[in-house]
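Take a look at the structure set out below.
The values are calculated or read from the model by the stated rules, or taken from the named source; none is laboratory data. On a predicted model such as this, the values are computed, not experimentally measured, just so you know. Methodologically, a virtual Cβ is constructed for each residue, glycine included, from the backbone with ideal geometry; neighbour enumeration extends over all protein chains shown.
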Amino acid sequence: MTRTLFAALLLASTIATPAFAKERRHAPPPEPKAKNVILFIGDGMGISTITAARIYAGQKQGQTGEEFQLSFEKFPNAALVKTYNTNAQVPDSAGTATAIHSGQKTRIGVLGIGPAAEKGVCKDALANPLPLLGEEVKTRGLALGIVTTTRITHATPASVYSRSADRDWESDTNIPADQQHGCKDIALQLAEAQFDVALGGGTAMFYGKAGGGRRADAAADLPAAWAAKNGGVVVRDAAGLAAAPMNKPVLGLFNPSHMTFMAERKPDSSEPTLTDMTAAAIARLKADPDGFYLMVEGGRIDHGHHAGQAGYALEEAVELARAVQYAVENTDPAETLIMVTADHSHVFTIAGYPKRGNDILGLVVPPKGNGEDGGDGVSPLLAADGKPYTTLGYANGPGAVSGERPMPQTGIAARQQALVPTGIETHGGEDVALFATGPGAERAHGVIEQNVIYSIIRKALGWDK
């Protein structure tokens, strides 16, 4: 009995010592939790695109460009992200966006289904569903927003809300007759989904022939059905978006297909810009007291690259950076995690020893005293064929040279020269960047798998430890 009492007194004395008391007083505080998460995806915005866009943006402001910083480059946390699909060394947007929004890598060309499912097989898709972040956001009571400059049914935005054996099954007429086994097209899935804001292009996927669309039912009007079911508002232009009631869900479809390139945009365009759509989405979503998740895609960066037109891609990247800056300035940094990444890269290069401040969309002019002939700092450097070449180029694409190389084009509408002739320029397989600021941003570090972004989001929101 005496020994037991002594042991108890010793334990009590030890617990009461100043060292233990100090340890309790200095226990680490709980990790900050994000109320909101905004994920910006620059489709195809690889690191070379970021570098070129930085220079381009700076030069548009009269600077040499190299020293400029895009809005998201100022974020305190960054990581490199591995983008491969389970069956592809170089990925596509469907497989990569699925990794981000489901937490699992999968095959190239499929949405929201696991890698055991074969692409294009409806029964496989039905048997191998993956969790969708968009669904969980609504189940947990948060507001959900999707913004894109592509069709709202395109791969990256569709990854938020849909499962499909083939990313191209955007409308019911895209599903082959032998795959009609209960799989729903992507437009129908959006019309049946729960969301608060969805803005982009792609009206043709939602209407039948009578509405200028391509659905099998000539009278089909999926937006009207969605609005009737959810008390929502459908808008078709920037004015309609601005006028839409703030207390109702909104579906904005601003183009029959993808939205207009910034480089082709007219001053009187009826389409909202990516920044306009981001602003509208934030204004609506932040009214929800439980918080929100917003995915914003600068989707036409990718399309500019596929066309071999770097100037178009860079204009889109600069607009994405502008939208990011708006989000930074119009959300509370203590409660909003903002991340910027890309789904994949492109075979896009910056080369040739141009001088500091050289026009990023122009010919390579070396610094004075540099180059084979010494260089005068004004004259373009000549290749072995006696012709100049541009700073920007592609490893493959529609700008490929066959036979005698023509004089290269320059300027924003130029198609840069390429090496291997392909109908469209292809994706690149190198790592992409992830930039982060706000609660949970410190988890963006090192070299990570793409599906880890899903975990970063869930942990920031307090769903996972």
Name every residue in region 172-189 that is among the β-branched types (Val, Ile, Thr), farther than 19 Å from LEU253 by Cα and in a helix (DSSP H, G or I), in order of residue number.
THR173
Are any residues in region 245-285 buried (at least 21 other Cβ atoms within 10 Å of the Cβ) and of a type in the set (S, T, N, Q), and if so, which ones?
THR278
Residue hits (region 409-465; touching a strand residue (DSSP E or B) at 6+ places or on another chain (Cβ under 9 Å) and acidic (Asp, Glu)) are GLU425, GLU430, ASP431, GLU442, GLU449
Test result for VAL318, among the aliphatic types (A, V, I, L, M), at pLDDT 95 or above, surrounded by fewer than 23 Cβ atoms within 10 Å (Cβ to Cβ) and assigned to a helix (DSSP H, G or I)
yes
Going through (1) farther than 29 Å from GLU315 by Cα; (2) part of a helix (DSSP H, G or I); (3) touching a residue at least 40 places away in the same chain (Cβ under 8 Å) one by one, SER159 fails only at (1)
I'm trying to understand the selection: among the residues of region 433-463, which are more than 18 Å from ILE38 (Cα to Cα) and either crowded, with 19+ Cβ neighbours inside 10 Å or over 19 Å from the mean Cα position of the chain (by Cα) (or both)?
GLY446
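Answer with yes or no whether HIS181 is buried (at least 18 other Cβ atoms within 10 Å of the Cβ), touching a residue at least 12 places away in the same chain (Cβ under 8 Å) and farther than 17 Å from GLN194 by Cα.
So HIS181 does not fit the description; no.
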Kindly provide the set of residues from region 40-79 that are part of a strand (DSSP E or B) and surrounded by fewer than 24 Cβ atoms within 10 Å (Cβ to Cβ), ordered by number.
ASN77, ALA78, ALA79
Taking into account only those residues within region 88-99 that are under 12 Å from ALA155 (Cα atoms) and β-branched (Val, Ile, Thr), which is nearest to the chain's Cα centre (by Cα)?
THR96
In region 91-127, which residue that is touching a residue at least 40 places away in the same chain (Cβ under 8 Å) and of a type in the set (Lys, Arg) is farthest from GLY428 (Cα to Cα)?
LYS123
Taking into account only those residues within region 192-210 that are among the charged types (D, E, K, R) and closer than 13 Å to TYR161 by Cβ, which is surrounded by the fewest Cβ atoms within 10 Å (Cβ to Cβ)?
GLU192
Taking region 80-110 and the residues there that are touching a Pro at 6+ places or on another chain (Cβ under 7 Å) and among the hydroxyl-bearing types (Ser, Thr, Tyr), the one that is surrounded by the fewest Cβ atoms within 10 Å (Cβ to Cβ) would be THR86
Among the residues of region 184-191, is any β-branched (Val, Ile, Thr), buried (at least 17 other Cβ atoms within 10 Å of the Cβ) and touching a Pro at 6+ places or on another chain (Cβ under 8 Å)?
no
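Here are ALA94, ALA125: which of them is within 15 Å of VAL160 (Cβ to Cβ), small (Gly, Ala, Ser), in contact with a Lys or Arg (Cβ under 9 Å, 6 or more places away or on another chain) and not in a loop (DSSP other than H, G, I, E, B)? Break it down stepwise before answering.
Details: ALA125 fails: within 15 Å of VAL160 (Cβ to Cβ).
When all the criteria are applied, what remains is ALA94.
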In region 342-365, what residues are more than 12 Å from GLY428 (Cα to Cα) and part of a strand (DSSP E or B)?
ILE350, LEU363
